[in-house]
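The structure under discussion appears below in the form of structure tokens.
The values are calculated or read from the model by the stated rules, or taken from the named source; none is laboratory data. Just so it is clear, the model here is predicted, and its values are computed rather than measured. Side chains are part of the model used for accessible areas, which takes the heavy atoms of the whole protein and leaves out ligands, DNA and RNA. Shrake-Rupley method; radii C 1.70, N 1.55, O 1.52, S 1.80 Å.
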Amino acid sequence: ILRTRHLGVHDLGGLSEPSMGPALRVLSASSVDRNKRVTLIAECLIGLARRGNRIEWTHLGDGPELRQVEALVRRSPRELVATLPGHVDQSEVHEQMRHGGFDVFVNLSKSEGLPVTIMEAQCVGLPVVATDVGGTAEVAFPDLNQLISSGPSVSDVEVAILRAAASGPNVAHERRERWARNFNSEKNYRDFARELTETVQ
């Protein structure tokens with residue numbers, strides 16, 4: 001018998017702190033390359049800003065297209081404030097997810113495995129906007145998040161971000177509960193160990 005099991009991620013400690021300001025606060029975390037399409041995230045947020053939306057965007061990660069992203073945001077409307085620190089430790093990603101006060105987590109990858117950052121976003125209840133590629137739909141539960149096509153238009157992403165940001169605290173609790181049932185590494189490892197023990201007895 002062949003069985004597969006999710007490894008999951010450890011508990012980051014609870015739901016994310018809510019956004020406190022009038023701006024729409026967006027978080028993304030990945031390498032900055034052609035596959036991750038961080039430039040597309042920038043273009044979409046610039047589009048929202050041009051229509052008068054106040055946007056605060058933080059992207060955590062470095063890569064060959066970071067200078068291109070920086071050039072884009074330098075030409076953006078003043079309604080978009082971007083923070084691009086480059087590479088940070090994983091602990092800083094977790095700190096921002098839990099305590100950064102973000103409204104939405106965005107991942108527009110062309111391809112994915114089972115994305116760890118999206119598991120972590122669900123752990124803290126953050127709404128996710130993501131392309132429906134690889135195992136993303138297993139992690140970003142489609143009824144609780146905004147999954148879009150693998151080749152989305154700027155408009156597709158903009159609409160998804162606004163919809164995700166409008167989801168309420170009840171949905172945040174449900175995301176965390178689903179994560180706990182499916183992707184809590186402590187629970188999954190314990191269950192796996194029990195199954196192995198039962199198999200050899």
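Observations, loosely collected:
- Surface composition of the range 3-99: carbon plus sulfur atoms contribute 46% of the solvent-accessible area (1.4 Å probe, protein chains only, all chains present).
- Rounded, prolate or oblate (a/c below 1.5 giving rounded, otherwise prolate when a/b exceeds b/c) for the range 65-177 by Cα gyration tensor: rounded
- The range 72-106 and the range 9-44 have Cα centres lying 6 Å from one another.
- Accessible area of the range 31-164 divided out per residue, in Å², using a probe of 1.4 angstrom: 42
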